[in-house]
Amino acid sequence: EPGLDLRLVAAEGDSLKVGATVMQFKGDIRTILRGERVALNFLAFMSSIATRTHRVAELVKPYGVRVLDTRKTIPMLRALSKYAVVKGGGLNHRHDLAEMGLIKDNHIAQAGSVAAAILAFRRHAPFIPLEIEVDTLDQLAEALPLKPDMVLLDNMDAKTMAEAMQRIRTANKALGTKITAEASGGFTLETLDRLKDTGVDIVSLGSITN
């Protein structure tokens, strides 16, 4: 903006204490007032996402788990939200439906089975990465021979997740695949300890962006 002198004091991703200065600017008061509130709103919005992502990332780090976001973002602000997740220490999941397929329980119900849903997707989109949501170990057993890229372990308890991970590792060794596992479903800052000793690769939380 002409006539506005802006100096960034803090860098993106910095850990700051309450009251710290983030940026300084000076210039014509009319120029400042036109952009001040918008800038503050975006700063608060993105910082809150980065902060919550960082908290989750620190909690699951001892378990060897990474944090993944979801598509549950404010309309028109997905790119900014996902950028803030990365700055907070998280990973980005798919940005849109064209980037990766995710077969969920409603798709499985419509197709008739896990295998039928995977095969239908592979016929229509053979070159797009695929993730399959499974609720049970039986569904997992049906999915693994068809070599999905990722498996979403939905609302499983710690014991079931650990058993699922053993089966995924066995399948990866036997099939030469690199299937990764995402734990999802109802995780909060207070329940992330469910991941301890399960061996899952990543945990996804819609709450970090919504």
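Using a probe radius of 1.4 Å on heavy atoms only, what accessible surface per residue do you get for the chain? Whole Å² is fine.
58
Roughly how many whole Å is it from the C-alpha centroid of the stretch 1-58 to that of the stretch 86-113?
32
On the full set of protein chains, 1.4 Å probe, figure out the accessible area of PHE42 and give it in Å² to the nearest 10.
The accessible area comes out at roughly 80 Å².
Would you work out if the stretch 67-168 is rounded, prolate or oblate? Take a ≥ b ≥ c from the square roots of the eigenvalues of the alpha-carbon gyration tensor; rounded if a/c is under 1.5, else prolate when a/b is larger than b/c, oblate otherwise.
In terms of gyration-tensor shape, oblate.
Looking only at LEU59, LEU130, LEU16, which one moves most when the chain is put into a Gaussian network model with springs between Cα atoms under 10 Å?
Judging by the Gaussian network model, the answer is LEU16.
Output the relative contact order of the stretch 1-147, whole-number percent, from Cα pairs under 8 angstrom with separation of 6+ residues.
17
Of the accessible area of the chain, with the probe set at 1.4 angstrom, what percent is carbon plus sulfur?
About 56 percent, which is the carbon plus sulfur part of the accessible surface.
Can you show me the helix-derived [θ] at 222 nm for the chain, built from DSSP H runs with n ≥ 4 at -39,500 (n - 2.57) apiece and divided by the number of residues, rounded to the nearest 500. Intermediate values should be presented prior to the final figure.
Details: 6 runs with 85 residues, N = 210.
Calculated from helices alone, the mean residue ellipticity at 222 nm is -13000 deg cm²/dmol.
Choose one answer from ASN172, ASN106, ASN155: the residue with the largest mean-square fluctuation in a GNM of the chain with alpha-carbon springs under 10 Å.
Largest GNM mean-square fluctuation: ASN106.
Accessible surface of LYS87 in the full protein assembly, 1.4 angstrom probe, to the nearest 10 Å²?
90
Taking the 0 to 90 degree range and rounding to the nearest ten, how far is the long axis of helix 114-124 tilted relative to the main principal axis of the chain, both from C-alpha atoms?
70
Return one quarter of the surface area of the convex hull spanned by the alpha-carbon atoms of the stretch 123-173, equal to its mean projected area, in nm².
The orientation-averaged projected area of the Cα hull of the stretch 123-173 comes to 3.7 nm².
If DNA, RNA and ligands are ignored and the probe is 1.4 Å, what is the ranking of ASP193, ASP69 by accessible area, most exposed first?
Result, largest first: ASP193, ASP69.
Using alpha carbons only, how many degrees (0 to 90, rounded to 10) separate the axis of helix 78-87 from the longest principal axis of the chain?
Taking Cα atoms only, the helix is inclined about 90 degrees.
Which whole-number percent of Cα pairs in the chain have a distance greater than 22 Å? Working shown, then result.
Details: 12607 of 21945 pairs.
Here the long-distance tail beyond 22 Å is 57 percent of all Cα pairs in the chain.
For the stretch 41-89, report the % of Cα-Cα distances exceeding 14 Å.
Everything past 14 Å amounts to 48 percent.
Pick from ILE118, ILE74, ILE179: which is most flexible by mean-square fluctuation in a GNM of the chain where alpha carbon atoms under 10 Å apart are linked?
ILE74
What ³J(HN,Hα) values, in whole Hz, does the Karplus curve 6.51 cos²θ - 1.76 cosθ + 1.60 give for the stretch 13-18 when θ = phi - 60°, with x put for Gly and Pro?
Residue by residue, the stretch 13-18 yields x, 5, 8, 10, 8, 4 Hz.
Please list, or write none, the aspartates and glutamates whose alpha carbon is within less than 20 Å of the alpha carbon of LYS147, excluding same-chain residues fewer than 8 places away.
GLU99, ASP105, GLU131, GLU133, ASP135, ASP138, GLU163, GLU182, ASP201
Whole-Hz Karplus ³J(HN,Hα) for the stretch 126-142, in order, using 6.51 cos²θ - 1.76 cosθ + 1.60 and θ = phi - 60°, x for Gly and Pro?
Each residue of the stretch 126-142 in turn: x, 9, 9, x, 10, 10, 10, 8, 10, 9, 9, 5, 5, 5, 4, 4, 6 Hz.
In the calculated pair distance distribution of the stretch 58-117, what percentage of Cα-Cα distances lie above 17 Å?
Roughly 55 percent, once rounded to a whole number.
For helix 158-175, what angle does its Cα long axis make with the longest principal axis of the chain, in degrees from 0 to 90 and rounded to 10?
70
The values are calculated or read from the model by the stated rules, or taken from the named source; none is laboratory data. What you see is a predicted model, and the numbers here were worked out from it, not measured in a lab. These accessible areas exclude ligands, DNA and RNA; they are computed on the full protein's heavy atoms, side chains included. Shrake-Rupley method; radii C 1.70, N 1.55, O 1.52, S 1.80 Å.
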